[in-house]
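K.L.:
Mind looking over this structure? Questions follow.
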Amino acid sequence: MRARRLIPNWLKNYRRQWLAGDATAALVATMMLVPQALAYAALAGLPPHIGLYASLLPLIGYALFGSSSVLSVGPVAVLALMTASALTPLAAPGSAEYIAGAVLLAALSGLFLFAMGLMRLGALSNLLSHPVISGFVSGAATLIIIGQISPLLGVDTEGDTALQLLTGTLTQLAETAPFTAMVGIGAVLVLAMSKLWLGITLVKLGMRAHNARLLARLAPMLVVLVAIALTAILHLEKEMAVVGEIPPGLPALSIPAFDWSQVHRLLLPALIIALLGFVESLSIAHAIALRRGERLNADAELRGLGAANLFSALSGGFAVTGSFARTAINDEGGAASPMSGIIAAALVALVLMHLTPLFTELPLTILAATIIVAAAGLIDVRGFLHNWRYDRTDGLAMAGTFLGVLLFGVEAGIGLGIGLSFATLIWRSSRPHIAVVGRVPGTEHFRNVLRHTVDTQPEILFLRIDESLFFSNINAVEERILSELKRHPDIRELVLILSSVSRIDGTALECLQQINRDLRGWNIRLHLSEVKGPVLDRLGRSKFLEELSGRVFLSNYIAELALRQGDAAASNGQRRLD
């Protein structure tokens, strides 16, 4: 019985009729995964075969612990770039120390994720706002594209920021290898056109939309195979750099060596990679789950991604997370359960054991072209325009994160993004919306005087506060009250409507007490209306209600009756409402 508890629920309830769809989706996803794994390993500064190692056991780890039926876990461009950014200051790319650092980084990220899953910290997905995540991903994608221009053209360039990479590339343009550049640029054009128009063209030619999308997504694999074949037949390895020898066979399993001096340096990058990978992966899985009518468990997602990264480290790979493109093709391929991931892992194992010689002739410029086209799809121009029109604060946060990544590097950019998320939250909450309201004629409803035709009383002022009250915004509330009292010198009754207030902290309570005393000195009574039960309970544990110069009313309508006609009318109004 104990052993059965270790079996995932999806596997206990697995149906035989799902197998065909899972196998088909796994085959199609693997055809996309193999060239991407090689490309993203190179982007991370690692030997290409490390990408295949990171595409094997992580699929099984996620299938055992995750909650999405179709999420495809493995190397992705953004985490590859973050891995390179974290390790480049510590070791030479491709060196044994660098590879060991990548494995350790994956292990630390996995430990962070799995521990957070055990502690049920799935709410951490709300740590970063979506505009900030989009800004970071767009900035990282732009940085990736700029960084891949040099291998696309066959020149060597180094740098951490977009400016350094651009400057280095421009200074090396004279060294461009013409044949390499021609092949690389041609591949970019072919991949871009297939991404934009191949699916539409196939549909116009009579192919079903589902199959057309699958074939369009597999265009990178076709380009890779054609490039390998032409290089082998025409011996083009003499004209341009190729991947070279890929060690055949499965990776040796070993526990990463925890060099504590390295651990200290990689803790922060590992935490950032873990959080960003989780947030991005969860958003991908959630989008697919909504379309399929499935439910996700954020804590299970943490454990699934944690296991995937730990398994990647165990097999000598680097940090992984969910891939949007491969998840989409997994979904379109007919995957019904995480079994598709396990079958895909078996297919990657076959590639490692028998097909690695096939990829030795793959030109590096083709890998660069694959990365550039894939990264271009991550730049969210439409999202920026939407955020800028809808909320300038979100637009600025997105733009700030984007520029931070380009100008200061990946880690500084994500740090800036986190800072902008919290700054945006604090800025908004410190400027609460406060409205003067009046009663809509013939009803018991109160609305903003600036938006509706309402009745107001010369001696009664109703102010609605649309935010919880705490230390950073109570001064703004006090200033607004004083401003309205100056505009309405005949006011003798002030009613604060607290229907949107869910909490009043200690600082805000002290300020309200002072406002109450000041108003009493000016012969103005302070009243509260529509106070939520939990807020009223907390106020009852203080002396504020005893000192309150006015009353606490159940509704604004009752408050108006009481203050206009006396308590008897208010009682009648209460009975009518009941």
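K.L.:
Take the residues in the range 355-378 that are touching a residue at least 60 places away in the same chain (Cβ under 8 Å), surrounded by fewer than 17 Cβ atoms within 10 Å (Cβ to Cβ) and part of a helix (DSSP H, G or I); name whichever of them is nearest to the chain's Cα centre (by Cα). Explain how you work it out, then say what you get.
P.N.:
Pass one, the range 355-378, residues touching a residue at least 60 places away in the same chain (Cβ under 8 Å): 356-378.
With surrounded by fewer than 17 Cβ atoms within 10 Å (Cβ to Cβ) added as a condition, the list becomes 357-358, 360, 376-377.
Those left that are additionally part of a helix (DSSP H, G or I): 357-358, 376.
On the way: Pro357: 37, Leu358: 36, Ala376: 17 Å.
Checking each candidate, the answer is Ala376.
K.L.:
Checking the structure you have, find out if any residue of the range 67-82 is aliphatic (A, V, I, L, M), part of a loop (DSSP other than H, G, I, E, B) and touching a strand residue (DSSP E or B) at 6+ places or on another chain (Cβ under 7 Å). Break it down stepwise before answering.
P.N.:
Quick first cut of the range 67-82, residues aliphatic (A, V, I, L, M) only: 70-71, 73, 76-82.
With the extra rule that they be part of a loop (DSSP other than H, G, I, E, B), the set shrinks to 70-71, 76.
Narrowing further to those that are touching a strand residue (DSSP E or B) at 6+ places or on another chain (Cβ under 7 Å): 71, 76.
Among the residues of the range 67-82, at least one is aliphatic (A, V, I, L, M), part of a loop (DSSP other than H, G, I, E, B) and touching a strand residue (DSSP E or B) at 6+ places or on another chain (Cβ under 7 Å), which makes the answer yes.
K.L.:
In the set Leu250, Leu267, which member is surrounded by 12 or more Cβ atoms within 10 Å (Cβ to Cβ), in contact (Cβ under 8 Å) with a residue 12 or more places away in the chain and part of a helix (DSSP H, G or I)?
P.N.:
On the way: Leu250 fails: part of a helix (DSSP H, G or I).
One residue alone meets the criteria, Leu267.
K.L.:
Among the numbered criteria (1) modelled with pLDDT under 90; (2) assigned to a helix (DSSP H, G or I), which one does Gly244 miss?
P.N.:
(2)
K.L.:
For the range 523-556, how many residues meet the condition of being under 16 Å from Ile460 (Cβ atoms) and without any contact (Cβ under 8 Å) to a residue 12 or more places away in the chain?
P.N.:
0
K.L.:
From (1) within 20 Å of Pro489 (Cβ to Cβ); (2) of a type in the set (A, V, I, L, M); (3) modelled with pLDDT under 95, pick out the condition that doesn't hold for Leu526.
P.N.:
The number of the failed condition is (3).
K.L.:
On to the next question. Scan Val440, Val351, Val436, Val381 and give me the residue that is under 23 Å from Pro75 (Cβ atoms) and either touching a strand residue (DSSP E or B) at 6+ places or on another chain (Cβ under 8 Å) or β-branched (Val, Ile, Thr) (or both). Explain how you work it out, then say what you get.
P.N.:
Numbers: Val440 fails: under 23 Å from Pro75 (Cβ atoms); Val436 fails: under 23 Å from Pro75 (Cβ atoms); Val381 fails: under 23 Å from Pro75 (Cβ atoms).
The conditions single out Val351.
K.L.:
Looking for whichever is modelled with pLDDT of 90 or more, on the phi < 0 side of the Ramachandran plot and out of contact with any strand residue (DSSP E or B) (no Cβ under 7 Å at 6 or more places or on another chain) here; the options are Gly51, Gly21, Gly45. Which one fits? Give the derivation first.
P.N.:
Values: Gly21 fails: modelled with pLDDT of 90 or more; Gly45 fails: on the phi < 0 side of the Ramachandran plot.
The conditions single out Gly51.
K.L.:
Give the number of residues within the range 271-313 that are assigned to a loop (DSSP other than H, G, I, E, B) and crowded, with 23+ Cβ neighbours inside 10 Å.
P.N.:
Restricting attention to the range 271-313, the residues satisfying the condition of being assigned to a loop (DSSP other than H, G, I, E, B) are 293-297.
Right, trim to crowded, with 23+ Cβ neighbours inside 10 Å and you get none.
Going through the range 271-313 one residue at a time, the tally reaches 0.
K.L.:
Quick check on my filter: what residues within the range 86-98 are touching a residue at least 12 places away in the same chain (Cβ under 8 Å) and surrounded by fewer than 24 Cβ atoms within 10 Å (Cβ to Cβ)?
P.N.:
First, pick out the residues of the range 86-98 that are touching a residue at least 12 places away in the same chain (Cβ under 8 Å): 86-88, 90, 93-94, 98.
Within the range 86-98, Ala86, Thr88, Leu90, Pro93, Gly94, Tyr98 qualify.
K.L.:
Take the residues of the range 169-186 that are in a helix (DSSP H, G or I) and among the hydroxyl-bearing types (Ser, Thr, Tyr): which is surrounded by the fewest Cβ atoms within 10 Å (Cβ to Cβ)? Break it down stepwise before answering.
P.N.:
Taking the range 169-186 as the starting set, the residues that turn out to be in a helix (DSSP H, G or I) are 169-171, 173-175, 178-186.
Retained after the next criterion (residues that are among the hydroxyl-bearing types (Ser, Thr, Tyr)): 169, 171, 180.
Numbers: Thr169: 20, Thr171: 11, Thr180: 23.
Here the residue is Thr171.
K.L.:
Looking at the range 367-390 only, could you name the residues that are farther than 30 Å from Ala241 by Cβ and of a type outside the set (D, E, K, R)? Quick ask: steps written out before the conclusion?
P.N.:
Taking the range 367-390 and keeping what is farther than 30 Å from Ala241 by Cβ, we get 380-390.
Scanning the range 367-390 gives Val381, Gly383, Phe384, Leu385, His386, Asn387, Trp388, Tyr390.
K.L.:
I've got another one for you. Within the range 89-120, can you find the residues that are within 25 Å of the chain's Cα centre (by Cα) and not in a helix (DSSP H, G or I)?
P.N.:
Passing the criteria: Met119, Arg120.
K.L.:
Let me ask you something else. Could you tell me whether Leu198 is touching a helix residue (DSSP H, G or I) at 6+ places or on another chain (Cβ under 9 Å) and not in a helix (DSSP H, G or I)?
P.N.:
Details: touching a helix residue (DSSP H, G or I) at 6+ places or on another chain (Cβ under 9 Å): yes; not in a helix (DSSP H, G or I): no.
In short, no.
The values are calculated or read from the model by the stated rules, or taken from the named source; none is laboratory data. On a predicted model such as this, the values are computed, not experimentally measured, just so you know. In this analysis, Cβ positions are derived from the backbone assuming ideal geometry, glycine residues included, and neighbour counts consider all displayed protein chains.
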